[in-house]
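Heads up, the thing below is written out as structure tokens.
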Amino acid sequence: MTKNAIILGTGSYLPENCVSNDDLSKRVDTSDEWIFTRSGIRNRHIASDDQATSDLALNAANKALNAAGVNADDLGGIIVATTTPDLTFPSTAAILQEKLGVTSQCMAFDVQAVCSGFVYALATANGFFKSGMSKPVLVIGAEKMSSILDWNDRTTCVLFGDGAGAVVLGASDDTNTGIISTHLHADGRHAEMLCTNGGASSNKQVGALTMQGKEVFKFAVAAMASAVVEALEENDMTPADIDWLVPHQANIRIIEATAKKLNMPMDQVVTTLENQGNTSAASIPLALDHAISNGDIKRGQTLLLEAMGGGFTWGSALIRY
């Protein structure tokens with residue numbers, strides 16, 4: 001029987017080391033004013049050298065499982081969205097499975113869609129429920145972006161941070177709640193605008209993140225707005241039907257432009273960018289857990305998640321929480 005995926009619980013984790021714009025100004029030629037006026041970022045959290053992406057994911061996963069009241073061994077699957085895996089293989093999800101102490105041999109795999117990764121992972125998990133999955137699925141966005149940054153490039157190193165966010169999805173027969181629809185897109189013709197300059201099969205290097213900022217900004221504004229409109233139109237809804245917009249936290253100007261296109265006031269937009277920076281696939285679940293934990297997002301409300309990242313990839317998810 002077809003099931004619908006509902007959110008049972010959320011969790012998040014940020015490394016202890018908080019790095020301010022002023023801290024970065026001692027390392028590269030920049031300033032708090034320069035960074036904040038261009039991005040809306042003041043602080044970001046940076047993982048320690050001995051913390052892997054799976055360690056960040058583990059902290060968020062445990063909190064989400066606890067909030068959901070689900071035992072890790074009862075999971076039907078673990079999906080980790082990340083562009084900074086612990087190893088080329090096995091998957092970070094499989095490594096996390098072991099760290100969680102899961103012995104049930106549930107499926108575990110990674111999804112790589114960069115900043116859109118969590119939305120892609122949600123859509124993937126929802127597909128399993130649509131095809132009959134009954135056990136809970138743990139979906140995580142986790143990134144150690146600091147490991148692929150060029151710390152001498154002031155145009156990129158100031159924008160990113162590390163962290164992890166998680167949700168536990170469960171099965172429901174109620175099609176009017178949970179994940180209502182997802183909308184995914186990609187256009188590989190723009191790959192070189194936002195990428196790393198290394199890879200296992202190309203030059204056997206991890207590489208560092210490179211970005212054509214102005215071009216990425218223009219594409220992001222259009223792509224994120226189109227993903228939002230697509231979700232609304234497919235479900236015969238208007239912006240007035242949305243209680244909360246939960247966007248990828250990349251740049252405050254992109255977020256504001258999307259909200260403006262929706263005619264949605266910023267007090268209905270979840271923003272964590274100022275103190276977290278761009279955490280790639282982790283940014284939406286981090287923002288989601290933040291808003292749920294502090295009581296802003298309430299049961300029964302309608303959420304619109306949207307993201308755009310390297311690839312280019314972009315997409316949205318309409319959820320009734």
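Summary table
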{"read-out": "Measure of compaction for region 86-218 (Cα Rg per 2.2 N^0.38 Å)", "value": "1.23"}
{"read-out": "Equivalent-ellipsoid semi-axes of region 187-261, from the Cα gyration tensor, Å, largest first", "value": "32, 13, 11"}
{"read-out": "Table column - 3J(HN,Hα) (Hz), region 2-15, Karplus curve with 6.51, -1.76, 1.60, x for Gly and Pro", "value": "5, 10, 10, 8, 10, 7, 8, x, 10, x, 8, 8, 10, x"}
{"read-out": "Computed accessible area, Glu234, all protein chains, 1.4 angstrom probe, square angstrom", "value": "120 Å²"}
{"read-out": "The chain: Lys pairs at Cα distance under 27 angstrom, eight or more positions apart or on different chains", "value": "24"}
{"read-out": "Diffusion constant of region 37-120 at 25 °C, which comes from Stokes-Einstein with the Kirkwood Cα-pair radius and 0.890 mPa s, µm²/s", "value": "175 µm²/s"}
{"read-out": "Bins of 10 Å, starting at 0 and running to the largest distance - Cα pair percent for region 247-306", "value": "22, 57, 21"}
{"read-out": "Helix-only [θ]222 nm of the chain, DSSP H runs n ≥ 4, -39500 (n - 2.57) each, per residue, nearest 500", "value": "-9000 deg cm²/dmol"}
{"read-out": "Pair Ala191, Val206: separation of 7 Å Cα→Cβ label points (nm)", "value": "2.2 nm"}
{"read-out": "Carbon plus sulfur fraction of accessible area for the chain, probe 1.4 Å, in percent", "value": "48 percent"}
{"read-out": "Label point distance in nm, Ser104-Met237, each placed 7 Å from Cα along Cα→Cβ", "value": "2.9 nm"}
{"read-out": "Segment Asp153-Thr88, extension gain: residue separation times 0.36 nm, minus the distance between their alpha carbons", "value": "20.9 nm"}
{"read-out": "Sequence-distant residues sharing a close amide H with Leu149 (under 5 Å, placed H)", "value": "Leu209"}
{"read-out": "Accessible surface, the chain, averaged per residue in Å² (probe 1.4 Å)", "value": "42 Å²"}
{"read-out": "Unit charges at the beta carbon, dipole of the chain: most positive-side option, Ser181, Leu138, Pro90", "value": "Ser181"}
{"read-out": "Fluctuation leader among Gln212, Gln112, Gln276 - the chain, Gaussian network, Cα springs under 10 angstrom", "value": "Gln212"}
{"read-out": "DSSP H segments from the chain that extend 30 Å or more along their own axis, Cα-based, with Kyte-Doolittle mean of 0.5 or above", "value": "213-234"}
{"read-out": "Projected-area average for the chain over all orientations - Cα convex hull basis, square nanometres", "value": "15.3 nm²"}
{"read-out": "Scattering curve values for region 167-321, log₁₀ I(q)/I(0), Debye with Cα scatterers, q = 0.10, 0.17, 0.18 Å⁻¹", "value": "-0.38, -1.00, -1.10"}
{"read-out": "Ratio Rg/Rh [Cα only; Rh per Kirkwood] for region 7-62", "value": "1.11"}
{"read-out": "Among Thr84, Thr92, Thr175, residue whose mean-square fluctuation peaks in a GNM of the chain (springs only between Cα atoms under 10 Å)", "value": "Thr175"}
{"read-out": "Heavy-atom accessible area ranking, 1.4 Å probe, most first, across Arg42, Arg189", "value": "Arg189, Arg42"}
{"read-out": "Stretchable slack from Asp73 to Arg299, in nm (0.36 nm times residue separation minus alpha-carbon distance)", "value": "78.7 nm"}
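The values are calculated or read from the model by the stated rules, or taken from the named source; none is laboratory data. Treat the numbers as computed from the prediction; the structure is a model and nothing was measured. Note: ideal-geometry Cβ built from the backbone for every residue, glycine included; neighbour counts use all protein chains shown. What goes into the accessible areas is simple: the full protein's heavy atoms, side chains included, and nothing from ligands, DNA or RNA. Shrake-Rupley method; radii C 1.70, N 1.55, O 1.52, S 1.80 Å.
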